[in-house]
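First up is the structure itself, then whatever we jot down about it.
The values are calculated or read from the model by the stated rules, or taken from the named source; none is laboratory data. Values in this document were obtained by computation on a predicted structure and should not be read as measured data. Note that we place each Cβ from the backbone using ideal geometry, even for glycine, and neighbour counts take in every protein chain shown.
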Amino acid sequence: MKDIRPKLITLLKTDYATPQIARLAKRITSPSTTIHYNIKRLEDEKAILTYKAVFDYKKIGEGFCSYVLVSLSPEEYADPEKIARDLAKHSEIESVDICTGDWEIVLKVRTKDQDAYYDLVRRVLSRRGISKTKTLMSMKQLKTEFVNV
């Protein structure tokens, strides 16, 4: 049988997972129709943006997790969203937050290993507009996306 797991993982990471209405109904003891109506309403209100799977990242080859603190150069400081949006386009960057304090942007990065992370740093983080970065490597993750691992 053909191994399509990499393609499935890519789709499930973005927006191809769906809620299991019957399972939710059983858990909160409400009719499936009520669950469906309320979910649809949350989607229409844009309170639910997407559905995605939560993975054991080591098992899908993305076990190297790091947080990158980014300091912007003075000419980019006035519009951090421009660089943040550009950084968000890269598949290895899981989240991008604009923040206050000593660093303007915080990234959560997932790669296969240190070599893949180094490649990302060379390709993406050494760009114009970023004056300094600091990497915090995750040693062990106990909870991700509201799920205990």
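Numbers at a glance
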read-out	value
Check on Thr100, loosely packed, with under 14 Cβ neighbours inside 10 Å, without any contact (Cβ under 8 Å) to a residue 40 or more places away in the chain and in contact with a helix residue (DSSP H, G or I) (Cβ under 9 Å, 6 or more places away or on another chain)	no
Residue within region 70-83 that is surrounded by 12 or more Cβ atoms within 10 Å (Cβ to Cβ), free of Cβ contacts under 8 Å to residues at least 60 places away in the same chain, out of contact with any helix residue (DSSP H, G or I) (no Cβ under 7 Å at 6 or more places or on another chain) and among the β-branched types (Val, Ile, Thr) present	yes
Selected residue (only one of Glu94, Glu81 is assigned to a helix (DSSP H, G or I) and acidic (Asp, Glu))	Glu81
Residue within region 109-126 that is modelled with pLDDT under 95 and at positive phi present	no
Any hit, region 137-144, residues being within 23 Å of Thr18 (Cα to Cα) and either touching a residue at least 60 places away in the same chain (Cβ under 8 Å) or in a helix (DSSP H, G or I) (or both)	yes
Region 30-55, residues that are over 18 Å from Glu94 (Cα atoms) and touching a strand residue (DSSP E or B) at 6+ places or on another chain (Cβ under 7 Å)	none
The lone exception for Pro74 - which of (1) in contact with a strand residue (DSSP E or B) (Cβ under 9 Å, 6 or more places away or on another chain); (2) in a loop (DSSP other than H, G, I, E, B); (3) under 26 Å from Lys140 (Cβ atoms) it fails	(3)
Per-region count, region 1-51, residues among the aliphatic types (A, V, I, L, M), within 30 Å of Thr111 (Cα to Cα) and surrounded by 10 or more Cβ atoms within 10 Å (Cβ to Cβ)	6
Selection status of Ser91, within 23 Å of Ile9 (Cα to Cα), surrounded by 14 or more Cβ atoms within 10 Å (Cβ to Cβ) and among the polar types (S, T, N, Q)	no
Test: residue in region 111-132 that is assigned to a strand (DSSP E or B), out of contact with any Phe, Trp or Tyr (no Cβ under 9 Å at 6 or more places or on another chain) and surrounded by fewer than 16 Cβ atoms within 10 Å (Cβ to Cβ)	yes
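Conditions tested, residue by residue: (1) in a loop (DSSP other than H, G, I, E, B); (2) more than 22 Å from the chain's Cα centre (by Cα); (3) β-branched (Val, Ile, Thr).
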residue: Lys2; (1), (2), (3): yes, yes, no
residue: Ile9; (1), (2), (3): no, no, yes
residue: Arg23; (1), (2), (3): no, yes, no
residue: Arg27; (1), (2), (3): no, yes, no
residue: Asn38; (1), (2), (3): no, yes, no
residue: Arg41; (1), (2), (3): no, yes, no
residue: Ala47; (1), (2), (3): yes, no, no
residue: Tyr51; (1), (2), (3): yes, no, no
